[in-house]
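First up is the structure itself, then whatever we jot down about it.
Quick note: the coordinates plus some simple rules give every number you see, no bench work behind them. Just so we're clear, the structure is a prediction, and the values are computed from it rather than from any experiment. As a convention, Cβ positions derive from the backbone with ideal geometry for all residues, glycine included, and neighbour counts pool all protein chains shown.
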Amino acid sequence: MIRTRTPKGFTLLIAIILSTVVLSVGLSLLDVAYKQTILASTAKQSELAFYNADSALECALYYDQKFNAFDYDSPIGAGAITCSSTPVTNYTRDISDPTKHITIFALPCADGGSYATTTIYKYPGGATALYANGFNTCNAADPARIERGLKATYGDPAAAPGPGPGGSASYLIVGGGGGGGAGGGGGGGGGQVNTGSLALTGGTTYPIVVGTGGVTGVSGGPAANGTLSSAFSVTSLGGRGGSLVARDGGASGSGNAGGATGPIGSGAGGGGQASVGQDGPVMGGGNGGTGVNNALSGVSVGYAGGGGGGTGPSGGPAGSATHGAGAGGAAAVAGVSGTANTGGGGGGGGGSFGSGPGGTGADGVVIVSYPTGTIIGATGGSKTTSGGNTIHTFVTSGSLVIP
């Protein structure tokens with residue numbers, strides 16, 4: 001009798017391969033579907049913000065056209081205006097400027113906050129400019145909040161159109177770093193860092209001052225201090241220069257002290273925004289104080305570290321530095337300069353009295369960021385976009401113009 005062998009092993013192998021292929025395809029489709037869901041959700045939220053802006057704009061148009069509610073001379077007042085059967089809130093009227101009268105109100109949410117704001121400019125010649133900003137959520141502190149704007153103008157074409165409503169913005173202001181001392185000198189201090197937020201006003205030009213970094217000392221003198229940066233009435237001081245004769249580190253613009261010189265003449269670290277500089281050790285240079293990280297530019301950057309101290313006549317390793325500051329120099333090697341536009345202090349030079357030059361402190365920077373679409377046509381600095389925000393970066397002094 002003839003016996004036959006069933007290829008069970010081969011059949012099992014084919015089944016495993018087919019199952020693996022099906023699973024891989026399924027996972028790929030799931031990943032694509034997930035990404036499409038995220039994109040669809042973002043688009044939906046943006047659409048909701050536009051819808052709310054449109055609702056606010058149409059409400060203002062209705063009251064202006066039917067009741068002349070925002071008349072230059074005789075407005076009807078807040079109590080008579082309702083949108084979607086709900087009285088408006090935060091109603092204000094500014095008549096201090098004889099060239100235009102401004103009315104502002106918000107459309108409230110049932111649980112607090114607002115889902116849209118409207119600004120109306122009325123001119124003596126009859127021209128009208130309406131600006132409506134809509135949001136996808138009533139919570140102003142929600143990091144996922146999206147804002148979209150709409151504009152309508154009409155009336156006397158000879159009358160000048162009003163400025164835009166401006167909008168909220170965040171800022172970073174960093175002073176210039178101090179220079180490093182020469183030949184076993186102390187590291188320069190980091191510039192001061194200030195951050196915050198403000199409301200930018202339409203039709204306004206804001207002056208921006210960017211501080212410069214200090215240079216190394218000459219002829220036995222201390223290194224130069226960094227200069228201040230300023231914007232929006234906020235000032236960030238420059239870091240102080242490192243010493244050559246005393247070999248102390250320079251203080252930071254924020255007030256953190258530089259370290260003291262070592263027992264036999266090694267350079268100390270400069271103070272940083274976040275911590276003081278290290279005293280000079282028996283051999284080698286002291287480390288610079290730490291700065292801070294900030295991502296307002298769209299990427300995380302280290303700012304305002306203190307420069308490392310240079311080695312003295314006894315040698316040893318040079319002082320290290322972080323957050324944009326320069327390390328110290330060993331032997332007769334020059335100290336490292338701070339990274340451009342970080343406000344980091346320069347490193348102290350290495351070697352005996354005055355032999356290795358110190359590094360130059362880094363210039364400061366001013367950065368302004370606001371949600372894209374909330375302020376239209378602003379100019380000044382280097383203008384980029386990242387993560388849904390428009391960013392103005394000033395590496396030299398200039399002006400931020402809000403139309």
- prompt: Relative contact order for segment 328-374 using alpha-carbon pairs under 8 Å, separation at least 6, rounded to a whole percent?
  reply: 37 percent
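Pairs of Cα atoms under 8 Å, at least six residues apart: use those to get the relative contact order of segment 49-154, whole percent.
29 percent
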message: With θ taken as phi - 60° and the coefficients 6.51, -1.76 and 1.60, list the Karplus ³J(HN,Hα) couplings across segment 205-211 in order, rounded to whole Hz; mark glycine and proline as x.
response: 10, 9, x, 10, 10, 10, x
- request: Using 0.36 nm per residue of separation minus the Cα-Cα distance, give me the extension gain between Ala43 and Ala295 in nm, one decimal.
  value: 88.2 nm
- prompt: Given H placed on each backbone N at 1.01 Å, which residues far from Leu400 in sequence or on other chains put an amide H within less than 5 Å of it?
  reply: Tyr206, Ile208
message: For the pair Thr195/Ala140, report the inter-label distance in nm, with labels modelled 7 Å from Cα in the Cβ direction.
response: 2.0 nm
task: Calculate one ³J(HN,Hα) per residue across segment 335-344 by plugging θ = phi - 60° into the Karplus curve 6.51 cos²θ - 1.76 cosθ + 1.60, and present them in order as whole Hz with x for glycine and proline.
output: x, 7, 6, x, 5, 3, 6, 10, x, x
In sequence order, calculated HN-Hα J values of segment 170-181 (Karplus, 6.51, -1.76, 1.60; Hz; x Gly/Pro): 10, 9, 10, 10, 10, x, x, x, x, x, x, x
message: Please compute the length gained on full extension between Ala80 and Ser314, using 0.36 nm multiplied by the number of residues separating them and subtracting their Cα-Cα distance.
response: 76.0 nm
query: What is the packing order of peptides 293-299, 316-322, 47-53, taking the mean over residues of other C-beta atoms within 10 Å and listing the highest first?
result: 316-322, 47-53, 293-299
task: Compare the peptides 376-382, 144-150 by average per-residue count of other Cβ atoms within 10 angstrom and give them in order, highest first.
output: 144-150, 376-382
message: For a quick check: with amide H placed at 1.01 Å from N, whose amide H comes under 5 Å from Ser114's, ignoring anything fewer than 5 positions away on the same chain?
response: Cys109
message: For the ranges 86-92, 132-138, 187-193, what's the packing order if you count other beta-carbon atoms within 10 Å of each residue, average per peptide, and put the highest first?
response: 187-193, 132-138, 86-92
